[in-house]
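Undergrad: Right, I'll just put the structure down here and ask away after.
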Amino acid sequence: MVTEEQKRFFQENGYLRLEQVFSPAEVEQLREELDYIIYNFADWNSAWRGEWRKEYVDDPQLVESVKLVAIHELQHYSAAWTRAITHPGLAEAIAYLIDADCLEFHHCTLHAKPPGEGAPFPLHQDLPFYPHEDGLQYVDALVHLDDADEETGCIKFLKGSHKLGALEHIIGPETAPHLPTDQYRLEDAVSVPAKAGDVVLFYLWTIHGSAVNKSNRWRRIVRVGYRDPRNRQTAGQAMGRPGIIVKGVRPKVEGIEINVYGNWTPQPAQA
Ligand SMILES: O=C(O)CCC(=O)C(=O)O
């Protein structure tokens, strides 16, 4: 699925679009099951907050009212999504890009921007959400359910920003993690429009963000995180939870324990 030239592009720029990983029929089923989840389980009040919003939303009336629909771990709701996150071709492609003999699914998160008022994302790395020791052995995959373009608020990247390594973010109770808006500007980022069925990949350290969805169309994207299981997580989302191995076999790594029982504690045997 990935050529050597695409691998060089990814390593140089920190992102890569893979075209039509999912067929139109697969996209149709993923959409159908996603919509069921959106209307029955998702949180419609998930827009990222903070003062930065004033710089990302032109219409003053929208600054407070932009909307994002989000939910984690779609595999807990839908078999089609379980198949999507374990897609063998996608796993092979990501493993090839990061030279990993084994790949572990880590988490998945829906970010759906509704028509006309879909919330923007400030420029940031995903590092603060699920910090790992090596930002180049962790790849996020954005599975596109709709055609995403400038009007609907497609994903944007600062080219080559993964080479900056781990950056300190502004984090607070009233603000989502983001980089200082005067130093990291959305205008300097490159847009990566994509079609439904495409997957856009980027490193944990690649700086990215997106603008408001001003169109009359939905922009539904599901982010799926994958890592080399040797890459140690230090905090955040899904910390300590073993993920599904989607390529190869799990290597034995000192200090990384696999708690297959989750939080279940065995009861002491009765005398
Ligand atoms: O969906 C977007 O436009 C951006 C998503 C994002 O920043 C993220 O998934 O970390």
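The values are calculated or read from the model by the stated rules, or taken from the named source; none is laboratory data. For clarity, every value in this text was computed on a predicted model and none was experimentally measured. Note: ideal-geometry Cβ built from the backbone for every residue, glycine included; neighbour counts use all protein chains shown. Areas reflect the complete protein model, heavy atoms only, side chains present, ligands, DNA and RNA absent. Shrake-Rupley method; radii C 1.70, N 1.55, O 1.52, S 1.80 Å.
Undergrad: What pairs can you find where one residue is in the range 119-130 and in contact (Cβ under 8 Å) with a residue 60 or more places away in the chain and near the ligand (Cβ under 7 Å from one of its atoms), the other is open to solvent by less than 10 Å² (accessible area, probe 1.4 Å) and among the acidic types (Asp, Glu), and their Cβ atoms are less than 7 Å apart, with a gap of 6+ or different chains?
TA: From residues that are in contact (Cβ under 8 Å) with a residue 60 or more places away in the chain and near the ligand (Cβ under 7 Å from one of its atoms), the pairs are 126/140.
Undergrad: Right, here's the next one. Within the range 108-126, can you find the residues that are in contact with a Phe, Trp or Tyr (Cβ under 7 Å, 6 or more places away or on another chain) and either open to solvent by 10 Å² or more (accessible area, probe 1.4 Å) or among the small types (Gly, Ala, Ser) (or both)?
TA: 112, 115, 119, 121
Undergrad: Out of the strands (runs of 3 or more DSSP E) lying entirely within the range 86-157, which hold 3 or more residues that are not basic (Lys, Arg)?
TA: 103-113, 121-124, 138-144
Undergrad: Another question, if that's okay. Go through (1) within 21 Å of residue 73 (Cα to Cα); (2) more than 16 Å from the ligand (Cβ to nearest atom); (3) open to solvent by 10 Å² or more (accessible area, probe 1.4 Å) and name the single condition residue 229 misses.
TA: Single failed check for residue 229: (3).
Undergrad: Do you know which residues across the range 171-193 are open to solvent by 50 Å² or more (accessible area, probe 1.4 Å) and in contact (Cβ under 8 Å) with a residue 40 or more places away in the chain?
TA: Those that are open to solvent by 50 Å² or more (accessible area, probe 1.4 Å) and in contact (Cβ under 8 Å) with a residue 40 or more places away in the chain: 171, 174, 185, 193.
Undergrad: Which pairs have Cβ atoms under 6 Å, sit 6 or more apart or on different chains, and link a residue in the range 82-108 that is under 15 Å from residue 21 (Cβ atoms) to one that is assigned to a helix (DSSP H, G or I) and open to solvent by 10 Å² or more (accessible area, probe 1.4 Å)?
TA: 85/75; 97/7
Undergrad: Within the range 69-104, how many residues are among the aromatic types (Phe, Trp, Tyr) and surrounded by 22 or more Cβ atoms within 10 Å (Cβ to Cβ)?
TA: Residues meeting the conditions: 1.
Undergrad: If I ask for residues that are more than 11 Å from the ligand (Cβ to nearest atom) and basic (Lys, Arg), which ones from the range 179-222 would you list?
TA: Result: 185, 195, 214, 217.
Undergrad: For the list (1) of a type in the set (Phe, Trp, Tyr); (2) more than 10 Å from the ligand (Cβ to nearest atom); (3) open to solvent by 10 Å² or more (accessible area, probe 1.4 Å), I need the number of the one condition that residue 138 fails.
TA: (3)
Undergrad: Which residue pairs have Cβ atoms closer than 6 Å, lie 6 or more positions apart in sequence or on different chains, and pair a first residue in the range 151-162 that is within 12 Å of the ligand (Cβ to nearest atom) with a second residue that is β-branched (Val, Ile, Thr) and not in a loop (DSSP other than H, G, I, E, B)?
TA: Taking only residues 6 or more apart or on different chains, the pairs are 155/200; 157/190.
Undergrad: Just one of the numbered conditions (1) more than 20 Å from residue 22 (Cα to Cα); (2) under 17 Å from the mean Cα position of the chain (by Cα); (3) of a type in the set (Gly, Ala, Ser) is not true of residue 65; which one?
TA: Looking at each condition in turn, residue 65 falls short on (2).
Undergrad: Failed condition for residue 86, given (1) in contact with a Pro (Cβ under 8 Å, 6 or more places away or on another chain); (2) farther than 21 Å from residue 192 by Cα, with all others met?
TA: Status for residue 86: all satisfied but (1).
Undergrad: If I go through the range 12-38 residue by residue, how many of them are open to solvent by less than 50 Å² (accessible area, probe 1.4 Å), farther than 18 Å from residue 154 by Cα and among the hydroxyl-bearing types (Ser, Thr, Tyr)?
TA: Here the count works out to 1.
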